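The values are calculated or read from the model by the stated rules, or taken from the named source; none is laboratory data. Keep in mind that what you see is a predicted model, and the values were worked out from it rather than measured. Cβ placement follows ideal geometry from the backbone for every residue including glycine, while neighbour counts extend to all protein chains displayed.
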Amino acid sequence: MKGAHSLRLLCQVLHVSRSGYYRWRQHPCSARKRRDGELAAQIATAHRKGRGSYGAPRIVKELREHGTPISQRRCARLMRELGLKGKKRHGRKPRTTDSRHGRPVPENRLAEQPAPTGPNQQWVTDITFLKTGEGWLYLAVILDLWSRRVVGWACAATLHVSLVLAALFRALELRRPLAGLLHHSDRGSQYVDEDYVRTLAEHHIERSMSRRGNCYDNAFAESFFSSFKTETGIEDVVPATRRAAELRAFDYIETFYNPTRRHSSLGYLSPVAFEKQQTKQDIKAA
């Protein structure tokens, strides 16, 4: 191009001064800066893939898994330059537990057991509420502690036992657990309802409940709800309808959290990827 057109004309077309062009010729972009530009583009892509929730540790894992070596320090620096941040969790905690039912409750057996070594050994469940333009929507989830996978979930406009039963039936259909599974919940009235207790017994599932007034006994479920609300932004942009909120929950759980979202406790694998990896290892071992 320079051979066909004068330097003066090219500088005018590109809105570059001749002095600026000569300075650039004398001090070309370093290899490190070029690499920073390449990495910045990949970081931005990984950040979008993580729905804006990933910080430097998860983005580093994402890039390394796709063959791009990068240090966490360099990633954090480039994220600052790009103005990218991971989402921080809100400190708000909804209260959906009414333990003033007077019914007998089992002890906290989960605290006594070692960490699970396979699927369907320990499930935890809880309920949270979501604000919508039509009123509250309640979300119940069941997590497999081994893989942190949401194995059952359901939404409803009320806190009736049918809400938690719907989540339980979904989990039972998906996982088909063997006898001996431990089911842990808080002391909410839904989890001591006769229909719920009978369903657990029919599937030979053992019960465990948190101590009174101790939310840390069910910390895994609380942590999931905190991530859900932060990463969906559902408390910042309130859905207009209950249906819209339910679709937001479906999208987060089924298309992001279970198959894609990386967990530090799982070696930065998603729940689905972790389960597939463990299955492959079991097959090789056999």
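Points worth noting:
- The criterion of being crowded, with 16+ Cβ neighbours inside 10 Å, touching a Gly at 6+ places or on another chain (Cβ under 7 Å) and either of a type in the set (Phe, Trp, Tyr) or touching a residue at least 60 places away in the same chain (Cβ under 8 Å) (or both) holds for TRP146.
- Output for segment 240-286, where each listed residue is at pLDDT 95 or above, of a type outside the set (A, V, I, L, M) and loosely packed, with under 13 Cβ neighbours inside 10 Å: PHE250, GLU254, THR255
- Single residue of segment 226-239 satisfying the filter (of a type in the set (A, V, I, L, M, F, W, C) and modelled with pLDDT under 95) that is surrounded by the most Cβ atoms within 10 Å (Cβ to Cβ): ILE234
- Of the criteria (1) more than 18 Å from VAL164 (Cα to Cα); (2) assigned to a helix (DSSP H, G or I); (3) out of contact with any Pro (no Cβ under 7 Å at 6 or more places or on another chain); (4) of a type in the set (A, V, I, L, M), which one ILE234 fails: (2)
- Hits in segment 62-106 - residues which are touching a strand residue (DSSP E or B) at 6+ places or on another chain (Cβ under 7 Å) and at pLDDT 80 or above: VAL105, PRO106
- Among (1) farther than 19 Å from PRO259 by Cα; (2) surrounded by 20 or more Cβ atoms within 10 Å (Cβ to Cβ), the one test that PHE129 misses: (2)
- Some residue of segment 186-195 being touching a residue at least 60 places away in the same chain (Cβ under 8 Å), of a type outside the set (D, E, K, R) and out of contact with any strand residue (DSSP E or B) (no Cβ under 9 Å at 6 or more places or on another chain): yes
- Taken together, the residues in segment 127-174 that are part of a helix (DSSP H, G or I) and within 18 Å of SER226 (Cβ to Cβ) amount to 0.
- Residue check for PHE220: under 22 Å from THR128 (Cα atoms), within 25 Å of the chain's Cα centre (by Cα) and at pLDDT 95 or above: no
- Residue within segment 193-206 that is surrounded by 12 or more Cβ atoms within 10 Å (Cβ to Cβ) and among the small types (Gly, Ala, Ser) present: no
- Residue satisfying all of: in segment 108-148; of a type in the set (D, E, K, R) and out of contact with any strand residue (DSSP E or B) (no Cβ under 7 Å at 6 or more places or on another chain); nearest to ARG248 (Cα to Cα) among these: LYS131
- Residue identified as surrounded by 20 or more Cβ atoms within 10 Å (Cβ to Cβ), within 13 Å of THR125 (Cα to Cα) and in contact (Cβ under 8 Å) with a residue 12 or more places away in the chain among ALA171, ALA166: ALA171
- Every residue from segment 36-79 that is part of a helix (DSSP H, G or I), surrounded by 15 or more Cβ atoms within 10 Å (Cβ to Cβ) and of a type in the set (S, T, N, Q): GLN42
- Residue within segment 240-256 that is under 25 Å from ALA156 (Cβ atoms), in contact (Cβ under 8 Å) with a residue 40 or more places away in the chain and of a type in the set (S, T, N, Q) present: yes
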